[in-house]
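S.K.: First the structure, which I've put down as C-alpha cells, then a few questions once you've had a look.
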Amino acid sequence: MVRVLLLLPTRTYRAHDFMAAARRLGVGVVVGSECQQAFAALFPGGHLRLDFFRPRQAVRVIEAFARSYPLDAVVAVDDDGTLLAAAAAKALGLPHNPVVAVATTRNKHRLRRKVAAAGLLSPHFERLSVEDDPVRAAPRMPFPCVLKPLHLAASRGVMRADDAKQFVVAFERLVAILRTPDVVQRGSRLARHLLVEAFIPGTEVALEGLLLGGELTVLAVFDKPDPLDGPFFEETLYVTPSRLPADVQADLAAQTAKAVAAIGLREGPVHAEWRVNGHGAWLLEIAARPIGGLCSRVLQFGAGLSLEELILMHASGVDVAACKRERAAGGVMMLPIPRRGVLRAVDGQEAARCVPGIVGLSITIAFGQEIVPLPEGVQYLGFLFARRDTPKEVEAALRRAHQCLSFTIEP
C-alpha cells in the first residue's frame, strides 16, 4: 500500500476531503499536525506531531519516523505546510519542489522580484518595514496602491489606499495585524515587513494547475464575477469554466507556466491568482498548494475524481495527465461576513439548498463563535456550491441562494 504523509494543520478546511479521497483510493495516510491526536497511541505509525514553523526540526522527526514506517510521498494541503513538505520530501529522496522555490511563493516581495525579473507584467512595488514612518513614506507611493502582508493568505491584511491619509491608516492597521501572535508564529521575519504595490485594475481570475515534472497541466480557470477593487479584497464567487476569450485563457496558461519556471516549482498542485486588463495578465500570487477553503468541491475530473484524489494519485506516482475536468459548469460562493460579532443563527438554509443548481451548503463557523471580517479576519463563514449547464446559470443560482440566507450576529 502507498503511504502518504498528509500535512494537516488543525485549522485547515481540507482534512475531511483529503482523508475521504485517500480512503476511496486505498492510500495509507499518516496525519502530520501540530497537535497530538487523542487516539494516536492506538494507531502507531498513523500520526506525527510536527511543528510546521520549525521545518528543520520537523524534518528530523519525519526522517526518524520514515525509518520505521516508510513513506512514498509528502503532501501539504495548505500554505502552512508547503515548506515542510518540500524539505521533508527532499530529505527522504521523494519527488518534491525545490525548497527555495516554495520559499519564494511564501514571500510576496521575493515573488514579486522573481516575476519582474522574468519579464512578466508587474506593478511598481516596494517593501517597507513595520518600523517605517508611514507619513514620510506616503509621498513616494503610487496611488492608488495596495498594502499586503508578505506571508498571509485569503486576502488577510490586504488593503487599498487612494491617498496619503488612507495609506497611513492602512499602514497602521496592517502593522497591528502583523504583530498578532498567530501572524508572528507563521513567520517572525516576514512579519517585520509589508509590501506596497500599485493597484492593478481589471478582472480577477484564478488558475488551478498541476505540475508534472515541471510541465503545467491546467485543471481549471475560475472567473471571479464580483469586482475586487477594495478597500478590502474579500473573495466571494468562483465560477468555472471561465467566460474569458479562449486567447486570453491561453495567455493565462502560458504566463503561469512562465512564472512557475521562473520560480522553480516542479511538482504538485499550483494555485495562481491573476488580474487581466488591456495590457495583459498580471500575476498577483502563486502558491504551491491547491485552491483554498472548500472550493475544490466544485471540481471533478475523469470519471468523477475529486481534486484531492487527483493530487494524491499524482503524489503516488500515477500518471494523471489525461484526467480532464468535467464539462458541466460549477461554482462556489465564500459567504461574506456581514459584520463583526458572535454568530447566533443562520436562517434560510433549507430554502437556499432548494434553489435549482445548488448542490451543497456548508456553514463552517460554529454558532456562538466570534466572526471577524477582513482585513483582520482569517476564517470563512461558509460555502455555497452550485452546478449547472453554463457559468451564467451557476452564478445566478449562487446569488439567489445567498439571498435566501439571513445571519443573526450579536455584538
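The values are calculated or read from the model by the stated rules, or taken from the named source; none is laboratory data. Everything numeric here is computed off the predicted structure, so don't read it as measured data. Note: ideal-geometry Cβ built from the backbone for every residue, glycine included; neighbour counts use all protein chains shown.
S.K.: For residues that are in contact (Cβ under 8 Å) with a residue 24 or more places away in the chain and either β-branched (V, I, T) or loosely packed, with under 15 Cβ neighbours inside 10 Å (or both), tally how many sit in the stretch 144-163.
M.R.: Of the residues in that region, 2 qualify.
S.K.: While we're here: K90 is checked against (1) surrounded by 17 or more Cβ atoms within 10 Å (Cβ to Cβ); (2) in contact with a helix residue (DSSP H, G or I) (Cβ under 8 Å, 6 or more places away or on another chain); (3) farther than 16 Å from A262 by Cα and fails just one. What number does that condition carry?
M.R.: (1)
S.K.: Let me ask another. Please indicate, with yes or no, whether at least one residue in the stretch 114-128 is surrounded by fewer than 20 Cβ atoms within 10 Å (Cβ to Cβ), farther than 28 Å from A86 by Cβ and of a type in the set (D, E, K, R).
M.R.: Yes, the conditions are met somewhere in the stretch 114-128.
S.K.: Continuing with this model, one more query. With the requirement that a residue be closer than 30 Å to G157 by Cβ, of a type in the set (V, I, T) and in contact with a strand residue (DSSP E or B) (Cβ under 6 Å, 6 or more places away or on another chain), what does the stretch 342-382 give you? Walk me through it before giving the result.
M.R.: Initial filter on the stretch 342-382 (closer than 30 Å to G157 by Cβ): 342-346, 360-382.
Still in the running and of a type in the set (V, I, T): 342, 346, 363-365, 371-372, 378.
Hits for the stretch 342-382 are V342, V346, I363, T364, I365, I371.
S.K.: Additional query: Inspect the stretch 47-58 for any residue being more than 30 Å from A262 (Cβ to Cβ), in contact (Cβ under 8 Å) with a residue 60 or more places away in the chain and not in a loop (DSSP other than H, G, I, E, B) and give the result as yes or no.
M.R.: No, the stretch 47-58 has no match at all.
S.K.: Which of the numbered conditions does P55 fail, given that it passes all the others? Conditions: (1) surrounded by 15 or more Cβ atoms within 10 Å (Cβ to Cβ); (2) within 28 Å of L195 (Cβ to Cβ); (3) of a type outside the set (F, W, Y); (4) at pLDDT 95 or above.
M.R.: (4)
S.K.: Just to be sure I understand the filter: pairs with C-beta atoms under 6 Å, separated by 6 or more residues or on different chains, first member in the stretch 292-303 and at negative phi, second member acidic (D, E). Which pairs pass?
M.R.: Every condition considered, the pairs that remain are Q300/E326.
S.K.: Something else: So which helices (runs of 4 or more DSSP H) stay within the stretch 300-411 end to end and still have 3 or more residues that are crowded, with 19+ Cβ neighbours inside 10 Å?
M.R.: Numbers: elements: 307-315, 349-353, 391-404.
Those helices (runs of 4 or more DSSP H) span 307-315, 391-404.
S.K.: While we're on this one: Please state which one of G45, G32, G28 is surrounded by fewer than 19 Cβ atoms within 10 Å (Cβ to Cβ) and at pLDDT 90 or above.
M.R.: Numbers: G45 fails: at pLDDT 90 or above; G32 fails: surrounded by fewer than 19 Cβ atoms within 10 Å (Cβ to Cβ).
Criteria check complete, one pass: G28.
S.K.: Any idea which of A250, A272, A246, A287 is small (G, A, S) and more than 30 Å from G360 (Cα to Cα)? Give the steps one after another, and end with the answer.
M.R.: Details: A272 fails: more than 30 Å from G360 (Cα to Cα); A246 fails: more than 30 Å from G360 (Cα to Cα); A287 fails: more than 30 Å from G360 (Cα to Cα).
Answer to the selection: A250.
S.K.: If you don't mind, another one. Can you find even one residue in the stretch 96-106 that is outside any loop (DSSP other than H, G, I, E, B), crowded, with 21+ Cβ neighbours inside 10 Å, in contact with an Asp or Glu (Cβ under 9 Å, 6 or more places away or on another chain) and touching a residue at least 24 places away in the same chain (Cβ under 8 Å)?
M.R.: Yes, because at least one residue in the stretch 96-106 is outside any loop (DSSP other than H, G, I, E, B), crowded, with 21+ Cβ neighbours inside 10 Å, in contact with an Asp or Glu (Cβ under 9 Å, 6 or more places away or on another chain) and touching a residue at least 24 places away in the same chain (Cβ under 8 Å).
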